[in-house]
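Data first, discussion second: the structure below is written as structure tokens.
The values are calculated or read from the model by the stated rules, or taken from the named source; none is laboratory data. Note that this is a predicted model, so its numbers are computed, not measured. Because the Cβ atoms are built from the backbone with ideal geometry, glycine has one as well, and the counts that use them run over all protein chains shown. To get the accessible areas, we keep the full protein, side chains included, count just its heavy atoms, and leave off ligands, DNA and RNA. Shrake-Rupley method; radii C 1.70, N 1.55, O 1.52, S 1.80 Å.
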Amino acid sequence: MGSRSKANMFVLFSSCNDVKNYVYSDSDAGLIGLESSFLDKCMDVIASVNENVVFVPRNLKSVERKSIPHESSTKRKTLTSYIPLDTQSARILAKLRKPVVVLVSPNTLRYVDEAQVNFMRQSHERKFLEIALGQFIKFLTDSKKGYVYVEKVFRGLGDVIEHALKYDIGIVASGAVDYYPKTLFTSHIDIVFFSLGFSKRERRMILEVYPVELLKMLHGD
């Protein structure tokens, strides 16, 4: 990817031309996740982006116990992150005999905790966490629950990430807040992780190494 080495796994756009604006503004982004339907609609514009960037079709899927897909596929066209709606669905996702990406957001943190990481590390198949960092920043700026509660949420997020890194659970990050330009760039994501106390090596794993592994998994490599 050359100098564009970092990944922003999910960014929301309302206009095809906004993709160009984002790519030229976020000069570190070499892998960018877009809604699969948006990517299909804007393929001509995206193909004209004169930068060394990989665009990944994305899908976010909320699941409960009965709606979790159990089929296994070695090759996928769209990278799906699953949003567990309760603890039971999170545990089932951890045990599936296929690679799975689970979304960590302010709404799912109560289910995707350190205990969930322990379940994921016991899996026979590779498991990933996608940290919806843009949603956490939006929670921080919009929250009316007070400093103590917000601090508890971010401390819990840091604990989950630290625990996952300890056991080599793949971690990637996404910056979507609202539609562009209200999004985190890869440099913003890096700064937030730095402020949470993660080292340069750990941030490189999250922003560069694990996303490439996930991309290879998507293509069945």
task = Note down the relative contact order for the range 81-173 as a percent, whole number, built from C-alpha pairs under 8 angstrom at least six residues apart.
result = 32
query = So how much slack lies between ARG121 and THR141, counting 0.36 nm per residue of separation and subtracting their Cα-Cα distance, in nm?
reply = 3.9 nm
query = Using Cα pairs under 8 angstrom and six or more residues apart, how large is the relative contact order of the chain, in percent?
reply = 24
message = Through the Karplus equation 6.51 cos²θ - 1.76 cosθ + 1.60, θ set to phi - 60°, convert the phi angles of the range 137-147 into ³J(HN,Hα) values in whole Hz; use x for Gly and Pro.
response = 5, 4, 4, 5, 7, 9, 5, 10, 8, x, 4
Net charge of neighbours whose Cβ lies under 14 Å from the Cβ of LYS20, counting Lys and Arg as +1 and Asp and Glu as -1 = -4
key: Net charge over other residues, Cβ less than 10 angstrom from the Cβ of ILE169 (K, R count +1; D, E count -1)   = +3
request  = Run the accessible area of the chain with a 1.4 Å probe and give the carbon-and-sulfur part as a rounded percent.
outcome  = 49
request  = Determine which aspartates and glutamates satisfy two conditions relative to LYS77: a Cα distance under 15 Å, and not lying fewer than 8 residues away in the same chain.
outcome  = GLU35, ASP40, ASP221
request  = Report the local net charge at LYS152: Lys and Arg +1, Asp and Glu -1, summed over other residues whose C-beta lies under 12 Å from its C-beta.
outcome  = +1
note = Phi-derived 3J(HN,Hα) across the range 160-177 with the Karplus relation (6.51, -1.76, 1.60, θ = phi - 60°), rounded Hz, x for Gly and Pro, is 5, 4, 4, 5, 5, 4, 4, 9, 6, 6, x, 10, 10, 9, 10, x, 4, 10
task = Enter the accessible area per residue of the chain (Å², integer; probe 1.4 Å; all protein chains in place).
result = 49
inquiry  = Under the 0.36 nm per residue contour assumption, what length would be gained going from the current alpha-carbon distance of ASP44 and TYR179 to full extension?
reply    = 46.6 nm
ask   = Which residues' amide hydrogens lie under 5 Å from the amide hydrogen of CYS42, considering only partners 5 or more residues apart or on another chain, with H built in the peptide plane?
value = none
query = Which entry in [x] 18.9, 68; [y] 20.4, 82; [z] 16.6, 48 is this structure's computed Rg and Dmax of the Cα atoms in Å?
reply = [z]
inquiry  = With the crude spin-label approximation of a point 7 Å out along Cα→Cβ, what separation in nm comes out for ILE191 versus TYR149?
reply    = 2.7
key: Cross-link pairs beyond the 29 Å C-alpha cut-off, checked among LYS20/LYS166; LYS152/LYS216; LYS61/LYS166; LYS144/LYS166; LYS41/LYS61; LYS145/LYS166   = LYS20/LYS166; LYS152/LYS216; LYS144/LYS166; LYS145/LYS166
key: Most mobile of ASP190, ASP44, ASP26 in a GNM of the chain (Cα contacts under 10 Å)   = ASP44
ask   = Taking the simple approach of a point 7 Å from Cα along Cα-to-Cβ for both LYS166 and ARG91, what is their distance in nm?
value = 2.1
query = Given the C-alpha centroids of the range 190-204 and the range 42-115, what is the distance between them in whole angstrom?
reply = 23
task = Provide the per-residue ³J(HN,Hα) series for the range 104-110, in order, calculated from phi with Karplus coefficients 6.51, -1.76, 1.60 and θ = phi - 60°, each as a whole number of Hz, with x at glycine and proline positions.
result = 9, 9, x, 7, 9, 4, 5
